[in-house]
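Taking it in order: structure first as structure tokens, then the write-up.
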Amino acid sequence: MTVLDWQAHEYNEDFYILRESGCIHFEKPFLYLIFGQDKALLEDTGAGEVQTAPVVMDLLAKWAKKKNHAPVSLVVIHSHAHGDHIAGDKQFQALASVQFIAPDPAAISKAASIAKWPINIGHVDLGGRVIDVIPIPGHNDASIALYDRRTGNLMTGDSLYPGRLSVSEADLPVFTASAQRLADFVDAHPIAHVLGTHIEQTTTPYLDYPRGTTYQPNEHSLDLTRAHVLELNDAFIAMGGKLQKLALPDFTIVPRATAPAR
Ligand SMILES: [Zn+2]
Ligand SMILES: [Zn+2]
């Protein structure tokens, strides 16, 4: 039996969701590929020993052929800088046609014209399609959310997904502020789906798979809603600056002793 390294789901003809196989790496991260008239934007490059660039470049070629469109160039951005989201970076940096945005606040701010990190929102124009770049440090110093105005999809990385959201004591104030800004954002914009980068939750409320699980036949669906963004913000407000474990039906806030590495 052949297990593909990646599954590619066509959300629509200009928006792809990729998921890495659990056989390659237990984190099984999700990647997002969004097409404009001039550029395509890829969020994240995978975990572990994985060939990501060939799969993504093949999707770009197939997209152009199917739509009888001139080839578009690729912009690579990251939900944040943890190892399970950047493993394929070198493969893309080796490609001359790719605009590679390093996962750090300075590089993201420059590429997305963010006037003042993290309080201002930036943009990447793909040609007839603008992606908003919202700094949400907390899970990681370089954490961002992406908002696709065309679909209304909000990509929240490891900051909000159906699973264990790790927060360190030191990062609690900045994560709390980011959750508030994200709540303000969803108050002001239509939100179709809130899409994170992992699934660790099962279909049973409050129940998650243990860390390291590779096969998850009863996993939670990938998509969350604006209600979960508000729920995350409310949870931090309720903590009042005192970090504690908090289990909610679709995700859990988990304190970590040190800054998370994933
Ligand atoms: Zn992760
Ligand atoms: Zn992470």
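The values are calculated or read from the model by the stated rules, or taken from the named source; none is laboratory data. Since this is a predicted model, take the numbers as computed values, not measurements. All Cβ positions, even for glycine, are placed from backbone atoms using ideal geometry, and neighbour counts span all protein chains on display. For accessibility, only protein heavy atoms count, side chains too; no ligands or nucleic acids. Shrake-Rupley method; radii C 1.70, N 1.55, O 1.52, S 1.80 Å.
Just a few scattered comments:
- For segment 20-91, the tally of Lys pairs with Cα-Cα distances below 19 Å comes to 4, considering only residues 8 or more apart or on different chains.
- Inter-label distance for Met239 and Ser97, nm, one decimal - labels placed 7 Å from Cα along Cα-to-Cβ: 4.4 nm
- Using a Förster distance of 51 Å, the FRET efficiency for Ala70-Tyr215 (Cβ separation, nearest 0.05): 0.80
- Helix axis angle, 53-66 relative to the chain longest principal axis, alpha carbon, degrees: 60 degrees
- Under 18 Å from the Cα of Lys116 - aspartates and glutamates, other chains or at least 8 residues apart: Asp104, Asp132, Asp141, Asp184
- Sequentially through segment 151-156, phi angles give Karplus couplings (6.51, -1.76, 1.60; θ = phi - 60°) of 8, x, 7, 10, 9, 10 Hz, Gly and Pro residues having no value and appearing as x.
- Between segment 203-250 and segment 27-47, the Cα center-to-center distance that results, in Å: 24 Å
- Aspartates and glutamates with Cα under 15 Å of Lys242, excluding same-chain neighbours fewer than 8 positions away: Glu169, Asp171, Asp234
- In the chain, helical runs assigned H by DSSP with n ≥ 4 each contribute -39500 (n - 2.57); averaged across all residues and rounded to the nearest 500, the mean residue ellipticity at 222 nm is -6500 deg cm²/dmol.
- Counting only protein heavy atoms and a 1.4 Å probe, segment 147-228 has 41 square angstrom of accessible area per residue.
- Once backbone amide H atoms are built at 1.01 Å from N, Gln201 has Gly163, Tyr209, His220 as its partners under 5 Å, excluding neighbours fewer than 5 places away on the same chain.
- Percent carbon-and-sulfur accessible area, segment 1-128, ignoring ligands, DNA and RNA, probe 1.4 Å: 55 percent
- Under 5 Å between amide hydrogens, built in the peptide plane, is the criterion, and for Ser168 it picks out Arg256 among residues at least 5 positions away or on other chains.
- Of all accessible heavy-atom area on segment 161-238, the percent that carbon and sulfur account for (1.4 Å): 58 percent
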